[in-house]
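None of the figures in this text is laboratory data; all of them are computed from the coordinates on show. Model, not experiment: these values are computed from the prediction. Glycine also receives a Cβ, built like all others from the backbone with ideal geometry; neighbour counts cover every protein chain displayed.
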Amino acid sequence: MTIDASHVRLDPAIVSLMPPGTHLEDGRLVIGGRLASELADEFGTPALVIDEPALRARARRYAEGLGARWANSQVVWASKSLPCTGIYRLMGEEGLGVDVAGGGELVMALAGGVDPARLVLHGNAKTDRELAMALEAGVGTVVIDNLDDVARLERLVTAEQGVLIRVIPDVATATHDAIATGHQNSKFGLAVPEARELIARLRGSDRLRLDGLHAHIGSQILDVEPFARAVEAVAALGEFDVYDLGGGLGARYTYDDHPPSIESYLDTITDAARRFLPGHARLLIEPGRSMIAEAGVTLYRVVSVKRGATRTFVAVDGGMGDNLEVSLYGQRFEATMADRVGGGDPFTVVGRHCESGDQLIESVALRAPAVGDVLVVAATGAYCLTMANNYNGALRPPIVFVGNGDARLVLRRETYEDLLRRDA
Ligand SMILES: Cc1ncc(COP(=O)(O)O)c(C=O)c1O
């Protein structure tokens, strides 16, 4: 498609929630140089569309930004945010490390060609099998979450293994309970007294090489200050070679969200590191949501428009089968009709699943939605496909990379045959 510059518009506001470079042509949404409605025709709906150049640019912004502020450092992408071989490959190509939680993410990371030495294995319930897989693959770092991890590792390791201890820093965050992890009584990590005991024990281990500490305080954090407090909290446990500060920076989902910039977040953690951590230390961070959420949009097709008692429902061909963020955390999303962007009247966008809670967006302005139209939901790159499921036999959506006018499938849509494939 050639774009006539005289028709290109950047407003209205919904465009600011879409990947950089998204614009309007004659009132129609263009993402990665492709009309959103044409992408829906070509790849079907629902579909997760990722702007590949935008994602690569963000990965570089993180890596270069951290490297410029703290040379001995590594950005480790939290792959739970969008586990798909094509994205692992992209992150590996950009030189990032990768955080994998469990055997499945490990398998995809290896298939995506990520250097095992740059893998960080997480999990609060790692099984023998998963740890054995990780050790066999040569995963660089295993993050110890609990004493059972230690017992398993001591039984399974055959050569020296680098480990970090995940510490609960006791830092509260203003985020949803389901995604807060830095508070006392979190199911993740060890409280400071237990962590101290384990540090003393591992310092004498000849197989488990204690490289340092890990802390992750939660997700969708829209203020930088708790990150600095987490650095101070881990520093109190002593001097180490490595400090992994986890992820957690928030993404912009709605017009009212104003997450700190990557640069302001990096300034905060590296300033805190200069104050509290040894200068020689290696600094890792594990961004997920803030890396990928805004690079993605989901395309749906309108299946029904129905007037209710006090609101009008726009029902689409997806819902909680491809976006659980709404029902799990009450996350607000914004949307637009692909070919009539901006303006309109308030509608309630609902999914196709047999739950009244399967509501994607309450009260979003849409211009004249009609059956067969394409609806685009912004900022769905992170944790949506991650938690996609087969509720009502829904087929999990594909991932389409777009950029510079091209589009390609990196993960195909599930098929009905896939649904039957595991029948024993
Ligand atoms: C250990 C760890 N690191 C990193 C992340 C990524 O967090 P976010 O996606 O908020 O950046 C998570 C997410 O829960 C996590 O558990």
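Residues considered: VAL167, VAL192. Of these, the only one that is buried (at least 18 other Cβ atoms within 10 Å of the Cβ), among the aliphatic types (A, V, I, L, M) and out of contact with any Lys or Arg (no Cβ under 8 Å at 6 or more places or on another chain) is VAL167.
Within segment 215-252, being under 20 Å from the mean Cα position of the chain (by Cα), closer than 16 Å to HIS183 by Cβ and crowded, with 24+ Cβ neighbours inside 10 Å holds for ALA215, HIS216, ILE217, GLY218, SER219, GLN220, ILE221, PHE227, GLY246, GLY248. Close Cβ contacts (under 7 Å, 6 or more residues apart or on different chains) running from residues in segment 103-120 that are among the small types (Gly, Ala, Ser) to residues that are loosely packed, with under 15 Cβ neighbours inside 10 Å comprise GLY103/ARG129; ALA117/GLY138.
Residues of segment 74-82 include at least one that is aromatic (Phe, Trp, Tyr), within 20 Å of the chain's Cα centre (by Cα) and crowded, with 16+ Cβ neighbours inside 10 Å.
If you scan segment 208-256, which residues turn out to be assigned to a loop (DSSP other than H, G, I, E, B) and away from the ligand (no atom under 14 Å from the Cβ)? The answer is ALA236, LEU237, GLY238, GLU239, PHE240, ASP241, THR254, TYR255, ASP256.
Of the residues making up segment 173-184, one or more are within 16 Å of the ligand (Cβ to nearest atom), of a type in the set (Gly, Ala, Ser) and buried (at least 17 other Cβ atoms within 10 Å of the Cβ).
Within the set ARG332, ARG340, ARG301, the sole residue that is assigned to a loop (DSSP other than H, G, I, E, B) and farther than 27 Å from PRO259 by Cβ turns out to be ARG340. Each residue in segment 117-137 was checked for being of a type in the set (D, E, K, R) and surrounded by fewer than 16 Cβ atoms within 10 Å (Cβ to Cβ), and 3 of them qualify. Only one of the listed residues (ILE269, ILE262, ILE285) is in contact (Cβ under 8 Å) with a residue 60 or more places away in the chain, in contact with a helix residue (DSSP H, G or I) (Cβ under 6 Å, 6 or more places away or on another chain) and within 30 Å of VAL120 (Cα to Cα). That residue is ILE262.
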